[in-house]
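The values are calculated or read from the model by the stated rules, or taken from the named source; none is laboratory data. If you're wondering where the values come from, they're calculated on a predicted model, not measured in any experiment. With ideal geometry, Cβ positions are generated from the backbone for all residues, glycine too; neighbour counts draw on all protein chains shown. SASA here: full protein model, heavy atoms, side chains in, ligands and nucleic acids out. Shrake-Rupley method; radii C 1.70, N 1.55, O 1.52, S 1.80 Å.
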Amino acid sequence: MLGSMPTNDGITETADGARGAGLTEQGYGDVLWEPSAHDVESARITAYLRWLAAERGLDFGGYEELWRWSVSRLADFWGTIWDYFDVRGDRGPGPVLDGGPMPDVRWFSGATINYARNALRTAQTDPDRVALIFRTERELGDSSPRELGGSISYGELAAEVARVADGLRSLGVGKGDRVAALLPNGPQAVIALLAAASLGAIWSSCSPDFGPASVIDRFAQIQPKVLIAVASYSYGGKEYRRGDVVSEIAAALPDLAAVIMVDGPGTPPARPAHPVGTRLLEWADLGTGSGRAEPDFEDVAFDHPLWILYSSGTTGLPKPIMHGHGGIVLEHLKTLSFHQDLGAGDVFFWYTTTGWMMWNFLVGGLLVGATLVTYDGSATYPGTDALWRIAEQAGVTYFGVGAPYLLACAKADLEPGRELGLSALRGVGSTGSPLPPEGFRWVYDRVKPNLVLGSFCGGTDLCTGFVGPCPLLPVRSGVIAGRCLGAKVEALGAAGQPVVGEVGELVLTEPMPSMPVGFWNDPGQARYRDSYYAAYPGRWRHGDWIKMLPDGGCVIYGRSDATLNRGGVRMGTSEFYRVVEAFPDVTDSLVVDTGQLGSEGRLVLYVTLAPGRELDEDLAGRLRAALRAKLSPRHVPDEIHQVPGIPRTLSGKKLEVPVRKILQGTPVAEAADPEALANPDVLVHFLPGGLSPRADTAGGGNPR
């Protein structure tokens, strides 16, 4: 290797900026899988390349050439996506893309479409194909083997959607009305989403484990006409009844015409109270006289709102993010088909709740004719291998989870590839946080060597991943394979210009059709523009650190608003967690930099330890030594504290920014909304007075 030198993250590059051999002391870049000639030939993206050559006269020398065309000729590219997938709708006479700069662009002017019509098209061509396999924790937790909870064909799904759509229509739900749901990840949620979409109504959902204030913060902004709620749910081996919660939520939504109750597991609890003038109905009684094979589909404009998703809402009200029918159809067709290689015959599972955008992405599998697996329950009950057991029993071909689950499996020394029958599995997806090299290697060592591990980065804001895998590209440890088609992702340096080989702000410099059509109740799009375009006018700032590699791969370093800045050097949090959480004693960790503009602060590390383990000078010394040796002296924390838990959002993301605010003097109640947290009780342990006397091993006293 000519003039090889380590970069800050441990990825080795040659002096001229090209990739080295890939074997580095930090483990980044090791090639773990490469596509065979058969893999390339059978990939769905290869069929698209052949179609481009035959129908458009376009030939590309490889993925990088295809990507460059897709982002330099946006209208041509997205037009081919509509045509290649034979999208159900009317393209109309308008241009594919007009206006600009971002966000003042318009996609497919004059086109009409309906998401549900496209999601249910398999019901017409292959009605007996299984659309949904559903499973609950109660069944998985039984000691005796049992079949999966149930399944439903595409034909049956379409008929159920027609029934529920008729029921909603009878309640006065129509185009533009909001249908809200407090439901687990099960068949009723999928049916209700498609029913609402078929009417042109706007869907919005929360997981039933959300606290009532958190749900009200979301749904009160959009004032739904109907609330669909579950009576109870199970999690971690316990049953939770939600009648009182549903009553509290309904009372805060004055425009409700009806509350529709879906029974949870076990004996149905008493029905909730509901406001005067609001009907209380049963799910099973909706549209009982329908008998139709499929719903009527309301044709809507390409950018008509399909659903409203929400930002985490850890500080202030969650942002109500609207996505359009057309943008989601095109984006999910592209990503699921070309990057995850999914289609008819695949069994698609992603562990998620209805409060995370990955649930909406999972439902998108219907667009490509896949069979979806829904699961309502804990990922680790009755054991850490719970999700792998579902994969075995359902014959899952694509298994998606958050990165922390894969790391938890590695720490538990699981070997699902040896212990379970995973012969059908050919793809594993990871998102939610950066997956370190150890996570990559565990999948290939302990799950299966001949699959595609796809680490994604994206978000609720676009309801997709914009950097991720591709079956034409190799899988390298700790490295995301490349930028997704149609997504012009760049890393911006301190001067605001694209950089390669160094960490920068992740931005999108060209529009994507699944970008929000706006925020609900945001006159003049003021809040929307401020959220993404204030820092770099005309360019979308996503809020992550990214390093683009010369060959098109990339590495994500965590949230840029949680930056560690030591001696003027910006450092991401993901590499820090990778070192700390490799210790067997450490179950979770969080690092914050208390510095502010113009003044350097202290680097504070918090650790949650395995049962029976206490933070002492020996462990603290070993942590510091590992961070110094594997990262740099700048990464050595000024203080290390033991805490009983790391604060996370309801979707599982660590909360560095609120903790930093607490350390800088912000009251806990103002730093984060407890209703938006999975474990709000742990926040008090980050106050200087809330720390255990033995926890401060640095002798630094008050971390402020």
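Quick notes on this one:
- The chain - percent of accessible surface contributed by carbon and sulfur, probe 1.4 Å: 49
- Extension gain, Gln223 to Ala412, is 63.6 nm, computed as 0.36 nm per intervening residue step minus the present C-alpha separation.
- Listed by chain and number, the aspartates and glutamates whose alpha-carbon sits under 14 Å from that of Lys448, ignoring those within fewer than 8 places in the same chain, are Glu34, Glu392, Glu415, Glu419.
- Test item: Cα-centred dipole of segment 286-383, Lys/Arg +1 and Asp/Glu -1 on Cβ, debye: 280
- Here segment 273-358 is described by how far its Cα atoms reach on the three principal axes: 49, 45, 31 Å, from widest to narrowest.
- Segment 340-474: C-alpha gyration tensor shape, a/c 1.5 cut-off, then a/b vs b/c: rounded
- Every helix of 4 or more DSSP H residues in the chain counts as -39500 (n - 2.57), and over all residues that averages to -7000 deg cm²/dmol at 222 nm.
- Heavy-atom SASA rank of Thr431, Thr587 (probe 1.4 Å, accessible area, largest first): Thr587, Thr431
- Farthest towards the positive end of the charge dipole of the chain, among the residues Trp82, Gly468, Pro103, is the Cα of Pro103, using unit charges on the Cβ of Lys, Arg, Asp and Glu.
- Candidate lysines for bridging to Lys661, where Cα separation is under 28 Å - those fewer than 8 sequence places away on the same chain excluded: Lys319, Lys547, Lys653
- Site-free segments of the chain were taken between GluC sites (Glu not before Pro) in DSSP loops having at most 16 other Cβ atoms within 10 Å, sites themselves excluded; the longest one is 148-501.
- Backbone phi angles across segment 648-656, fed through the Karplus curve with coefficients 6.51, -1.76 and 1.60 (θ = phi - 60°), yield HN-Hα couplings of 9, 6, 4, 9, x, 8, 5, 10, 5 Hz in residue order; Gly and Pro are listed as x.
- For Leu342, the residues whose amide H sits under 5 Å from its own are Ser337, ignoring neighbours fewer than 5 places away on the same chain, with H placed 1.01 Å from N.
- Asp244 accessible area, assembled protein chains, probe 1.4 Å, Å²: 130
- Other-chain or far-sequence residues with amide H under 5 Å of Ala181's (modelled H): Ser204, Ser205, Cys206, Ile228
- For Val447, solvent-accessible area (1.4 Å; no DNA, RNA or ligand), Å²: 10
- Antiparallel content of DSSP bridges confined to the chain, in %, to 5: 60
- Amide H contacts for Leu132 (H built 1.01 Å from N in the peptide plane; partners 5 or more residues away or on another chain; cut-off under 5 Å): Ile152, Leu372.
- In the context of the full set of protein chains, residues of the chain present 36 Å² of accessible surface per residue (probe radius 1.4 Å, heavy atoms only).
- Of Gly595, Gly236, Pro318, farthest towards positive along the dipole that unit charges on Lys, Arg, Asp, Glu beta carbons give the chain: Gly595
- Loop-located trypsin sites (Lys or Arg not before Pro) in segment 102-209 whose Cβ has at most 13 other Cβ within 10 Å (DSSP): Arg146, Lys175
- Whole-number Å³ per residue for the convex hull built on Cα positions in the chain: 160
- For segment 169-216, the gyration tensor built on C-alpha atoms gives an oblate shape. Its axis ratio a/c (a ≥ b ≥ c) is at least 1.5, and a/b is not larger than b/c.
- According to the calculation over all Cα-Cα pairs in segment 176-278, the P(r) per 10 Å bin from zero is 16, 52, 29, 3 %.
- The relative contact order of the chain, computed from alpha carbon pairs under 8 Å that lie at least 6 residues apart in sequence, is 12 percent.
- Debye, to nearest 20: dipole size of the chain, +1 on Lys, Arg Cβ, -1 on Asp, Glu Cβ: 580
- Proximal lysines to Lys334, defined as alpha-carbon separation beneath 18 angstrom and excluding residues fewer than eight positions away on the same chain: Lys488
- Shape analysis of segment 477-623 places it in the prolate category; the axes a ≥ b ≥ c from the Cα gyration tensor give an a/c of at least 1.5, with a/b above b/c.
- Size of charge dipole - segment 567-670 - debye, nearest 20, with Cβ of Lys, Arg +1 and Asp, Glu -1, no other charges: 400
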